[in-house]
Amino acid sequence: MYAVIRTGGKQYRVSEGAVFQIEKIEGEVGNEIRFEEVLMLNDDSGYRVGKPCLDGVQVKAVIVRQDKAPKVLHFRKEKEGWARRRGHRQLFSEVKIVSITV
C-alpha cells in the first residue's frame, strides 16, 4: 500500500516504514504528525484518486531529525570584471511514515 501526499509545495509517494526528507515543519524530534492532504491511495482494492484530496485518509509520521542541508552556492560573474558569490543552507525535516489509515 502506498499514498501520494502533498506537503511544502511538493508531492511525495510514501509507504509504511519509508524515511524521507521534506521541507521543514514545526515540531520536536519524536513528535507525531499527520498529513491530511492525501492525493492518491493505492491499496488492495485498487487506486483511489482525490479531486484534489481524498476524504477520511490520513498518513501518520514521526519526526526523526531536524537539520540543514549542505550549502548551495550561487556564483555570478559579469564581463565588466565583478563577481558575486552567495549561498544558503535549506532547512529540512526527516520523517518516518508510521501508518496509512483509511
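The values are calculated or read from the model by the stated rules, or taken from the named source; none is laboratory data. Note that the structure is predicted; figures quoted are calculated from it, not measured. When we count neighbours, we look across all protein chains shown, and the Cβ atoms used for this are built from the backbone with ideal geometry, even at glycine. These area figures cover heavy atoms from the full protein model, side chains too; ligands, DNA and RNA do not enter into them. Shrake-Rupley method; radii C 1.70, N 1.55, O 1.52, S 1.80 Å.
Averaged per residue, what accessible area in Å² does the chain show with a 1.4 Å probe, protein chains only? The partial results should precede the final answer.
Values: 7100 Å² over 102 residues.
It amounts to 70 Å² per residue over the chain.
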| field | Residue of Glu23, Glu37, Glu80 that the Gaussian network model of the chain assigns the largest fluctuation, springs spanning Cα pairs under 10 Å | value | Glu80
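To the nearest 0.05, how large is the calculated FRET efficiency for Ala18 and Arg86 if R₀ is 25 Å and r is the Cβ-Cβ distance?
Working: r = 34 Å, r/R0 = 1.35.
In this case the efficiency is close to 0.15.
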| query | Under 19 Å from a point 7 Å along the Cα-to-Cβ line of Glu28: which residues of the range 54-91 have their amide N that close? | reply | 61-67
| message | Just to be sure I understand the model, the point goes 7 Å from the Cα along the line to the Cβ. What's the resulting His74 to Glu94 distance in nm? | response | 2.7
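Based on the Cβ-Cβ distance from Asp44 to Arg6, what FRET efficiency comes out when R0 is 35 Å, to the nearest 0.05?
Details: r = 24 Å, r/R0 = 0.67.
After rounding to 0.05, the efficiency reads 0.90.
Holding the Cα-Cα limit at 21 Å, pick out from Lys71/Lys96; Lys68/Lys96; Lys51/Lys96; Lys10/Lys77; Lys24/Lys51 the pairs that are longer than that. The partial results should precede the final answer.
Numbers: Lys71/Lys96 24 Å; Lys68/Lys96 17 Å; Lys51/Lys96 26 Å; Lys10/Lys77 32 Å; Lys24/Lys51 26 Å.
Over 21 Å apart, Cα to Cα: Lys71/Lys96; Lys51/Lys96; Lys10/Lys77; Lys24/Lys51.
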| field | Coordinate range along principal axes, alpha carbons of the chain, Å, largest first | value | 64, 31, 18
